[in-house]
1. Could you check, for region 130-142, whether at least one of its residues is within 16 Å of the ligand (Cβ to nearest atom) and touching a strand residue (DSSP E or B) at 6+ places or on another chain (Cβ under 8 Å)?
2. Only one of Val112, Val87 is under 11 Å from the mean Cα position of the chain (by Cα), away from the ligand (no atom under 14 Å from the Cβ) and under 21 Å from Ile153 (Cα atoms); which?
3. So is Gly197 within 16 Å of the ligand (Cβ to nearest atom), in a loop (DSSP other than H, G, I, E, B) and within 17 Å of Gln115 (Cα to Cα) or not?
4. Give me a count of the residues in region 117-166 that are within 17 Å of His67 (Cα to Cα), modelled with pLDDT of 95 or more and among the hydrophobic types (A, V, I, L, M, F, W, C).
5. Those residues that are assigned to a helix (DSSP H, G or I) and not hydrophobic (A, V, I, L, M, F, W, C), I need them from region 90-106; list them, please.
6. In region 53-65, what residues are surrounded by fewer than 22 Cβ atoms within 10 Å (Cβ to Cβ) and not polar (S, T, N, Q)?
Amino acid sequence: MTGIAHNLQAIGKRLERVRGVTLLAVSKGQSVERIQEAVAAGQKAFGENYVREALAKMQALPGLEWHLIGPLQSNKTRAAAEHFAWVQTIDREKIARRLSEQRPEGLPPLNVLIQVNASAESSKSGVAPEEALALAEAVGQMPRLKLRGLMAIPEPGALRERYRTVKSLFEQLREKFSFDTLSMGMSDDMDLAIAEGATMVRVGTAIFGARQDAKSVA
Ligand SMILES: *Cc1c(COP(=O)(O)O)cnc(C)c1O
């Protein structure tokens, strides 16, 4: 068994104990060959941060489910709408609207998550919790998008409190928008995130090991 297959199996065992948690394998900075090893071990859903890097891998590895987990600029929405199954980083109505308009008719609606930033002092991506409802109401109306839930990339410090904030927001909006996905937790904090209610964890280095420079993989 390869190292990647072994890591996937070990993480799969941890997830089995908490039914219903989906594993997204984060393959940014990993070569097609390494992703292929994960596919051979049964993994089908992969997360990428950069549209251009992802497109090269999609061409080489057809038939997988790709999630965009990095920030999305307006000039990349068409490529994202045409090639990804999920975009997890919705934090602006304008970007969501473009994705809905550009999602090809022949494909099912694009699954999207609203990215929430629960750390008030940060100016990073994501909407503040109090802005999430308004954005969800707008995105929920868009015909070619399917709003599935929330995503968070908490900053270091007070991690548990921030995950709790996002989870409670998820619960507030869940029924109204038929949410089924709360994406939070990475290699170093997946157990904490699951304990706080994550339904999807995004795991890179714990599966693949250290990342390479994106330029050398795509
Ligand atoms: C890179 C990345 C991950 C995976 O991080 P690891 O620490 O390698 O597990 C998860 N989510 C996002 C948004 C990322 O950018």
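1. No, that holds for no residue.
2. It is Val112.
3. No.
4. Count: 5.
5. Glu93, Lys94, Arg97, Arg98, Ser100, Glu101, Gln102
6. Passing the criteria: Glu53, Leu55, Ala56, Lys57, Met58, Ala60, Leu61, Pro62, Gly63, Leu64, Glu65.
Residue-wise test of (1) within 21 Å of Ile153 (Cα to Cα); (2) surrounded by fewer than 15 Cβ atoms within 10 Å (Cβ to Cβ); (3) among the small types (Gly, Ala, Ser).
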| position | (1), (2), (3) |
| --- | --- |
| Ile4 | no, no, no |
| Leu15 | yes, no, no |
| Arg19 | no, yes, no |
| Gln30 | yes, no, no |
| Glu33 | no, yes, no |
| Gln43 | no, no, no |
| Asn49 | yes, no, no |
| Asn75 | no, yes, no |
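The values are calculated or read from the model by the stated rules, or taken from the named source; none is laboratory data. Keep in mind that what you see is a predicted model, and the values were worked out from it rather than measured. Because the Cβ atoms are built from the backbone with ideal geometry, glycine has one as well, and the counts that use them run over all protein chains shown.
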